[in-house]
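The structure appears right after this line, and notes come after that.
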Amino acid sequence: MFSFFKTVEVDNQKVVAFVQWFCANEERIRQSVENRTTNHNEMMVMLDEVEAQLAKIYRDGYKGRIEFDYGGKDQDWELNLYHLNNKFLIRATSLIAAAFENTGLSTWKINIGK
């Protein structure tokens, strides 16, 4: 029979590229949050950069609004990824979280939520 709804797989190379990019830029990300009161524009630019990097993964199987946030203090930082009960995003966010576990980046905790 015909398959009208083809399941799109998450591109693992894009997941790895995002995690590598995030790890390479994590200090800039933290500094943008820490300096948000003195340089709000820098924080917004950094948010846009993170969203653009996530979009490289998400746009293969999801066309809606990308929802995430991050923040923290000292050595306690969190990246929150939301899957919005979308099957593609559930797989993507799970793969991203798993990829972060292999980085040794102990400063950041990756959370997945609805």
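The condition of being in contact with a helix residue (DSSP H, G or I) (Cβ under 6 Å, 6 or more places away or on another chain) and closer than 24 Å to Lys6 by Cβ holds for only one of Leu95, Leu89, that being Leu95.
Restricting Lys73, Lys63 to those that are surrounded by fewer than 13 Cβ atoms within 10 Å (Cβ to Cβ) and within 16 Å of Ile29 (Cα to Cα) reduces the list to Lys73. In the stretch 39-60, of all residues being open to solvent by less than 60 Å² (accessible area, probe 1.4 Å) and of a type in the set (Val, Ile, Thr), the one that is nearest to Trp21 (Cα to Cα) corresponds to Val50. Across the stretch 87-114, the qualifying residues are those that are among the polar types (S, T, N, Q) and open to solvent by 40 Å² or more (accessible area, probe 1.4 Å), and the one among them that is farthest from Arg30 (Cα to Cα) is Ser94. Scanning the stretch 76-86 for residues that are under 19 Å from Asn25 (Cβ atoms) and under 13 Å from the mean Cα position of the chain (by Cα) returns Glu78, Leu79, Asn80, Leu81.
The values are calculated or read from the model by the stated rules, or taken from the named source; none is laboratory data. Because the structure is predicted, anything quoted here is derived from the model rather than measured. Because the Cβ atoms are built from the backbone with ideal geometry, glycine has one as well, and the counts that use them run over all protein chains shown. Remember, those area values only see protein heavy atoms, side chains included, never the ligands or the DNA or RNA. Shrake-Rupley method; radii C 1.70, N 1.55, O 1.52, S 1.80 Å.
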